[in-house]
Amino acid sequence: MYASREDIGYDFGDDTKVGSKPIKPNPNIDGGWAWMIVFSSFLVHILIMGSQMALGVLNMEWLEEFNQSRGLTAWVSSLSMGITLIVGPFIGLFISMCGCRMTAIIGGVLNALGWILSAYASNVHYLFLTFGVTAGIGSGMVYLPAVVMVGQYFQKRRALAQGLSTTGTGFGAFLMTALLKYLCTEFGWRNAMFIQGAISLNLCVCGALMRPLCPKDLSEKSVVRSDSEDNQAKALSHSTETVKSSGVLSEEPEKKEEANEEVLESVQHPETGANSRSGRNMPGLRMLKTVSQLTLTVRKGFALWYSSYFGAASLFTNRVFVAFIIWALFAYSSFVIPFIHLPEIVKQYNLSSQDNVFPLTSIIAIVHIFGKVILGIISDLPCISTWNVFLLANFTLVTCILTLPLMQTYVGLAVICALIGFSSGYFSLMPVVTEDLVGTKHLANAYGIIICANGISALFGPPFAGWIYDITQKYDFSFYIAGLLYMVGIIFLLIQPCIQKKQPRQKSAEEAQV
């Protein structure tokens, strides 16, 4: 464990000056429209992540309707969850070219279409395509912009802002579980999915609220963050220096863009000459300018996206970030498996009557809300390390996962579920930790990689648990194996920062000998 943020290169000081040059505070950062962005992200988490956390209700309906194995049926839910996150790196490309607002609006339409088409499913394999793939891609196109926009609008209160916005997952899991149960009871699961598709169209409204910051606002925030990122680079060795938000990844594209914009300006002003000729050529010139600007935007976005993953300054040169990816590959399934299979576990232990009064998944969802807010507030305290809070919450969660199979009473399961809900509040810290490692400019691409790793975990976790149950007729081994893999990921998080801290000392010793 580490005593301070500086141990892994974090510096959350209030850097209102760079050198002796004062920076005028911008009302768009940490205030004003920033709270509308938090509200928009909150609604996105309710409609996307909350709905996915409530899929255990539909999973039982699908088991009765199609009479397939638990392992095969669980693939519907895991495909939707997994693809939502796996497409993260590719959604980063969309964001680089089209912006967060347009990406989110398109994703909202696609998500609603997936829900509506799933209402006409004739078999499980049909649901793989409509609900798993179509709705999953649409969810990913809305989810990543919702997280990235909060990171762009907040500097001093990032952990609190991310915590407030991601509490929508807990609210959504609680509300959507009750809503889907009611709709399935009153109208059947097919009509329930149709109604949910109509509700999901509100994602387009959430996307419309994602007003982009002007370049001036982004540059001011980058200046404020520059000192803390320099300190981070020193602590994480030379591998981190290449992925700072003010680093070399964007210098060349920006220079080329400026040169191309000068050419566009020269194309824009020929009408100052002969009025008659310019009048005839104006529609063509406008079309040429529009096509040229679109081409430049696409090229710049693709260049930034490509260099982030495959260029000389690749994000993968940051060893702590790579360890973060390995952790994400094992972590998310430990949180998803209880949501998908808890209704079956309750039924197996003959606790359905108590669970109907207050479902265990609702306990996780409600406590999850408080966990995100409280952990976010604690992490924003100047004397507390965000990294240490993140690790402690992970240790608590993995302990709960390994303990859950030992509980066979409703009270015991409720206590473990409450601890799972609170400790899983560290999800609100993931964007903060990612931004501290790579900088604001590369947050979309870097967080896209992290949620892609989470998506792989979510994709294979629930079907694996169902497959283990089909063999052993118990869910115990599923939780034990998931917990042990989760512990491996945590060990990677512990080892890499220690290695990074040792490297500068070894180098200085060699220089002293020379």
Review point. LEU180: open to solvent by less than 10 Å² (accessible area, probe 1.4 Å) and at pLDDT 90 or above, yes or no?
Key: yes
Review point. Does any residue of region 419-432 turn out to be aromatic (Phe, Trp, Tyr), modelled with pLDDT of 80 or more, open to solvent by less than 10 Å² (accessible area, probe 1.4 Å) and not assigned by the TED database to the domain that holds ARG157?
Key: yes
Check your understanding: In region 34-61, which residue that is within 15 Å of SER80 (Cα to Cα) and among the hydrophobic types (A, V, I, L, M, F, W, C) is modelled with the lowest pLDDT?
Key -> MET53
Check your understanding: Within region 385-399, how many residues turn out to be open to solvent by less than 20 Å² (accessible area, probe 1.4 Å), among the hydroxyl-bearing types (Ser, Thr, Tyr) and in a helix (DSSP H, G or I)?
Key -> 1
Check your understanding: Taking the stated definitions as given, is ILE401 among the β-branched types (Val, Ile, Thr) and over 24 Å from ALA178 (Cα atoms)?
Key -> yes
Practice item. Select from region 183-199 the residues that are aromatic (Phe, Trp, Tyr) and open to solvent by 70 Å² or more (accessible area, probe 1.4 Å) and list them in ascending order. Key: PHE187, PHE194
Check your understanding: Which one of the conditions (1) outside any loop (DSSP other than H, G, I, E, B); (2) surrounded by fewer than 18 Cβ atoms within 10 Å (Cβ to Cβ); (3) not acidic (Asp, Glu) does PRO382 fail to meet, given that it meets all the rest?
Key -> (1)
Review point. Of everything in region 300-332 that's at pLDDT 75 or above and either of a type in the set (Ser, Thr, Tyr) or on the phi > 0 side of the Ramachandran plot (or both), which residue is surrounded by the most Cβ atoms within 10 Å (Cβ to Cβ)?
Key: TYR332
Review point. Among the residues of region 345-366, is any modelled with pLDDT of 85 or more, more than 28 Å from LEU47 (Cβ to Cβ) and surrounded by 16 or more Cβ atoms within 10 Å (Cβ to Cβ)?
Key: no
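The values are calculated or read from the model by the stated rules, or taken from the named source; none is laboratory data. Since this is a predicted model, take the numbers as computed values, not measurements. FYI the Cβ positions are ideal-geometry reconstructions off the backbone, even for glycines, and counts take in every protein chain you see. Heavy atoms of the whole protein, side chains included, go into the accessibility calculation; ligands, DNA and RNA do not. Shrake-Rupley method; radii C 1.70, N 1.55, O 1.52, S 1.80 Å.
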